[in-house]
Amino acid sequence: MTFHQINLTVNGEAEQVVVASNVTLMRMLRENLALTGVKNGCSAGECGACTVLMNGEPVNSCMVLAVECEGAEIITVEGLAKDHQLDPLQSALINEGGVQCGFCTPGVLMSARALLNRNPQPGEDQIREALVGNLCRCTGYTRIVEGIQAAAAISAAGGRP
Amino acid sequence: MSIIGQSVPRLDALGKVTGQAQYPGDISLPNQAYLKILFAGRPHAVIRSIDTSQAEALPGVIAVFTAKDMPVNEYGLIMPDQPVLCGPGSAKPYTDHVRFEGDQVALVVAESEEIATRGRDLIRVVYEDLPILSDPVQAMQPESPRLHPERDSNVFCHYRIRKGDVEAAFAAADVIIEGEYRTPYQEHAFLQPEAGVSYMDEQGRVTVIVAGQWTHEDQEQIAHALGLPLEQVRVIYPAIGGAFGGREDMSVQIVLALAAWRLAQRGTPRPVKIVWSREESIVGHHKRHPYLIRAKWGARRDGKLLAAQMELIADAGGYAYTSTKVLGNATLMCTGPYEIPNVMVDSYAVYTNNVVTGAFRGFGGPQAAFAAETQINRLAQALGLDPVEIRLKNALQEGSLLSVGTPLPKGVSITQVIEQARAASLKWAAEPPPGAPSLRRGVGYAAAFKNVGFSFGAPEQCTAAVTLYGGREIERAVVAHAGADCGQGAHTVMAQMAAEALHLPLERIEMVVSDTAQTSNSGSASASRLTFMAGNSIKGACEQALQKWQAEERPAAATYQYRPPKTTPYDPQTGRAEPNFAYGYVAQAVLLDVDVETGRIFLRQVICADDVGRAVNPQQVQGQIEGAVVQASGYAILENFITQDGRIRTDKLSTYLIPTILDTPEQVESLILEYADPIGPWGARGMGEMPFLPLTPAIIAAVHEATGVWFHEFPLTPERVLRALKP
């Protein structure tokens, strides 16, 4: 086993981490950086609970090796709220009832954030397409879709982009 | 304005959207060790020997535990028929038998998860394989080998209902419909796999932080297996990542407790952590029972039901889990929410070497409703009657006698839910969308009733404690309640009910929850019971605390135990019983298109009319309805759990598919009806399970209308549909 020193940006902070070559981004975030908002539901890229933004793109962090993240910019659910101000997606998911057990919620939020970043006013079909990799066993998804629609509306009305 | 009926945001939502909420796998303690379990991985065997020497010699391995380290090597929610660890060395006979793949054999505690895994793989177990019994019908035969040699049969539960004279009634019937129905397994697939940490707390208690559904029952089962008094065991639930019945039985609780306790006894106390992989979760916990149901129903020409004869066989897998209770429900619900003068039911729970089965949302109701509702839909078709009219003609009313010879508790609303589901469905278009010549459209209806709370004489209570602080006015109220919030929103609803009872704003309610050291026994978060039971306990505690407050006590504290009206078990000969103290009622209408070229089913519309008594938090009620409908749609058409000779073939989320956001009905319309339950808190009934029950038979009926084929088995995967359409 070899170890590597990785330099990357996580939620806006420069981080230097030493990891074994077989450690995933998910594990590094959870164990080295204590970002346990990144959830482990399957370790196989099937459930989406560990979704984070890597250079702006949503990835299953269990399917990315930490050593691939040299120089990368990572955003996790812990980095969504800024200056104690919730992302509109976070408040909309609360208000629309899109959170039940909450284990899928961090991954859902990150996939939705990536969607709104590239398409601020998505239609329902585009929302569903963007979230196809995020399993939820509680809500039936409707309140999640409505939460994302509400967040898009808030942003359009001048809330935080 | 009353806070009952307000969709206040969930108390736990902020922590969950910011990533701050901690689930069991997110909790790490200083100096913790890691636990890995060796599963048997074979369905039926005797363990001749276990050699742990190589594992123990591996650097970084702290300890290895086997059956000989278990003080009392047995557990089980209903009966203690399962070894905690299978293997030689226990006082109890036959604990060296493995009875399903997920049986646990040895525990490795190590400095890291990797070392624990390597240590696990160095354990040498000598198994002597036994014949595998994977067919429950075969396992029932007297000559079949017994999984539990101390018992005289693999049938460990048999209920009988005898009401009236079914033979005479069949002779007088104008039409008789018979069917043999099979239901599949279902895996809970809650998003958070089993995990937890254990340690000795500052008072020397073995403490387990874990996700479950009943803190005090976990505590009891741990204490029993460790041979400890209850007060030396503590169970705490942090955030719980879904449950649906799948956390009712023990998974990691007892082994976590054992490891921390034994390490402390050796003079090397350390916290111990475990996180199951998805595969371990799927192999290691129980599933929804497959049922074989044989049905024969007779009716008059005008649709009046005369008789129903039912035989139910439940595949329990290697151990009982909650099978006897699930069977009790299925036995009551297999004749539907209808008054039938002549009923004969025989139902059986049978040990096999398949994966264990137990609680899952609906608890025997979905299997029973599939058979009962398909029977009545087929009767309607045979008689040329409208499926809604035949239901209304036979629906249970106030004072109607159940199959068990007693009336339902007051507040029966099955007629109302059926009528409202029907009325809302009249707007649907009769034709599939244009431009798709291979689509065939169908509409289906089904209805169901489901108990609220524990049934058939099981002890039932719920306890709450309330303490009021302040001087002239109440500044804050602390509500201590063990009830588990598995994601359904229980703690928010409890706080709303406390605020209402105390006439306080919600901000002044402080919840202390789900810790056996700080809360009293609440019973489980299951059986659609928590809103009803917790509500009545909190209401009682608040009223008593307010009296003390008015008598100038500061702080004013009260503990209140709510006990509902008693229920009674099935009479062993006739089945006569007072089964339940409350029910919820539900009806659904389904609109779908079947693609007759591909076999694919497109669920267009689902209307769910659900009498919840009183919606304490309508948004959470709607979330339960929508979530249950999607989970039930997975059960009906998508989720295909495969076992072969007792071995699970679908132990991943890539082989066991659950609905994604693209697999939902196009629209789920929730009709939340509020016919108060006379003894529910503020009129509330339970509702978490009810919307699951009618969906499968409603889909089956709609597919029949679309294609002319009755399905007696599901899930309705494209392959199954196509095979039936193009024989």
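Conditions tested, residue by residue: (1) outside any strand (DSSP E or B); (2) away from chain A (no Cβ under 12 Å); (3) within 19 Å of the chain's Cα centre (by Cα).
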position	(1), (2), (3)
B:Ile240	yes, no, yes
B:Met250	yes, yes, yes
B:Ala257	yes, yes, no
B:Trp261	yes, yes, no
B:Ala264	yes, yes, no
B:Pro269	yes, yes, no
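Restricting attention to segment B:466-511, the residues that are among the aliphatic types (A, V, I, L, M) and more than 27 Å from B:Gly627 (Cβ to Cβ) total 9.
Would you kindly identify the helices (runs of 4 or more DSSP H) lying entirely within segment B:320-434 that contain at least 2 residues that are within 19 Å of B:Gln309 (Cβ to Cβ)?
Those helices (runs of 4 or more DSSP H) span B:323-333, B:365-383, B:387-394.
Reported count of residues in segment B:93-143, each being within 20 Å of B:Ala320 (Cα to Cα) and surrounded by 20 or more Cβ atoms within 10 Å (Cβ to Cβ), is 14.
For the structure I just gave you, tell me whether B:Pro659 is part of a loop (DSSP other than H, G, I, E, B) and within 25 Å of the chain's Cα centre (by Cα). So B:Pro659 passes the test.
Here is a yes/no grid of residues against (1) at positive phi; (2) touching a strand residue (DSSP E or B) at 6+ places or on another chain (Cβ under 8 Å); (3) in the same structural domain as B:Ser526 (by TED's automatic domain parsing):
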{"site": "B:Gln192", "(1), (2), (3)": "no, no, no"}
{"site": "B:Gly204", "(1), (2), (3)": "yes, no, no"}
{"site": "B:Thr207", "(1), (2), (3)": "no, yes, no"}
{"site": "B:Ala211", "(1), (2), (3)": "no, yes, no"}
{"site": "B:His224", "(1), (2), (3)": "no, yes, no"}
{"site": "B:Gly227", "(1), (2), (3)": "yes, no, no"}
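Got at least one residue in segment B:628-646 being at pLDDT 95 or above and closer than 24 Å to B:Ala676 by Cα? Step through it out loud before you land on a result.
Of segment B:628-646, the ones at pLDDT 95 or above are B:628-646.
Still in the running and closer than 24 Å to B:Ala676 by Cα: B:628-629.
Checking segment B:628-646: at least one residue is at pLDDT 95 or above and closer than 24 Å to B:Ala676 by Cα.
When segment B:615-655 is filtered for residues that are at the interface with chain A (Cβ under 9 Å from one of its Cβ atoms), in a loop (DSSP other than H, G, I, E, B) and surrounded by fewer than 21 Cβ atoms within 10 Å (Cβ to Cβ), the ones remaining, listed by number, are B:Lys652, B:Ser654. The numbered conditions (1) within 30 Å of B:Leu725 (Cβ to Cβ); (2) of a type in the set (Ser, Thr, Tyr); (3) in contact with an Asp or Glu (Cβ under 9 Å, 6 or more places away or on another chain) are all true for B:Thr598 except (3). Within segment B:178-217, the set of residues being within 24 Å of the chain's Cα centre (by Cα), free of Cβ contacts under 8 Å to residues at least 60 places away in the same chain and more than 14 Å from chain A (Cβ to nearest Cβ) comprises B:Val208 only. The residues listed here are B:Ala499, B:Ala527; of these, the one that is buried (at least 19 other Cβ atoms within 10 Å of the Cβ), outside any loop (DSSP other than H, G, I, E, B) and out of contact with any Lys or Arg (no Cβ under 6 Å at 6 or more places or on another chain) is B:Ala499. For beta carbons closer than 7 Å, sequence separation of 6+ or different chains, a first residue in segment B:14-34 that is closer than 17 Å to A:Ala92 by Cβ and a second that is of a type in the set (Gly, Ala, Ser), the qualifying pairs are B:Gly15/B:Ala21; B:Lys16/A:Gly102; B:Thr18/A:Ala81; B:Gly19/A:Gly37. Restricting segment A:118-155 to residues that are surrounded by fewer than 24 Cβ atoms within 10 Å (Cβ to Cβ) and assigned to a loop (DSSP other than H, G, I, E, B), the residue that is nearest to the other protein chains (Cβ to nearest Cβ) is A:Val132.
Per-residue answers, yes or no, for (1) touching a strand residue (DSSP E or B) at 6+ places or on another chain (Cβ under 6 Å); (2) without any contact (Cβ under 8 Å) to a residue 24 or more places away in the chain:
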site: B:Gly399; (1), (2): yes, yes
site: B:Leu402; (1), (2): no, no
site: B:Glu419; (1), (2): no, no
site: B:Leu439; (1), (2): yes, no
site: B:Tyr445; (1), (2): yes, no
site: B:Leu468; (1), (2): yes, no
site: B:Glu475; (1), (2): yes, no
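Taking segment A:31-58 as the range and being closer than 18 Å to A:Gly12 by Cβ, buried (at least 24 other Cβ atoms within 10 Å of the Cβ) and more than 9 Å from chain B (Cβ to nearest Cβ) as the test, only A:Val52 passes. Can you name every residue in segment B:713-727 that is in contact with a strand residue (DSSP E or B) (Cβ under 7 Å, 6 or more places away or on another chain) and either surrounded by fewer than 18 Cβ atoms within 10 Å (Cβ to Cβ) or not assigned by TED's automatic domain parsing to the domain that holds B:Arg440 (or both)? Correct list: B:Glu713 only. Does B:Trp276 qualify as being more than 30 Å from B:Gln573 (Cα to Cα), touching a Leu at 6+ places or on another chain (Cβ under 8 Å) and touching a residue at least 60 places away in the same chain (Cβ under 8 Å)? Judged against the criteria, B:Trp276 is not a match.
Evaluate segment B:15-33: report whether one residue or more is away from chain A (no Cβ under 14 Å), surrounded by 15 or more Cβ atoms within 10 Å (Cβ to Cβ) and in a strand (DSSP E or B).
yes
Taking segment B:35-131 as the region of interest, the strands (runs of 3 or more DSSP E) fully inside it that hold 2 or more residues being farther than 25 Å from B:Tyr199 by Cα and more than 31 Å from the chain's Cα centre (by Cα) are B:45-51, B:124-129.
Right, A:Ile74: touching an Asp or Glu at 6+ places or on another chain (Cβ under 9 Å) and more than 8 Å from chain B (Cβ to nearest Cβ) or not? So A:Ile74 passes the test. Restricting attention to segment A:90-117, the residues that are surrounded by fewer than 24 Cβ atoms within 10 Å (Cβ to Cβ) and facing chain B (nearest Cβ under 9 Å) total 4. Residue count for segment B:656-703 under the criterion of being more than 30 Å from B:Phe454 (Cα to Cα), surrounded by fewer than 19 Cβ atoms within 10 Å (Cβ to Cβ) and in contact (Cβ under 8 Å) with a residue 24 or more places away in the chain: the result is 3.
The values are calculated or read from the model by the stated rules, or taken from the named source; none is laboratory data. The model shown is predicted, which means the values in this text are computed figures rather than measured ones. Because the Cβ atoms are built from the backbone with ideal geometry, glycine has one as well, and the counts that use them run over all protein chains shown.
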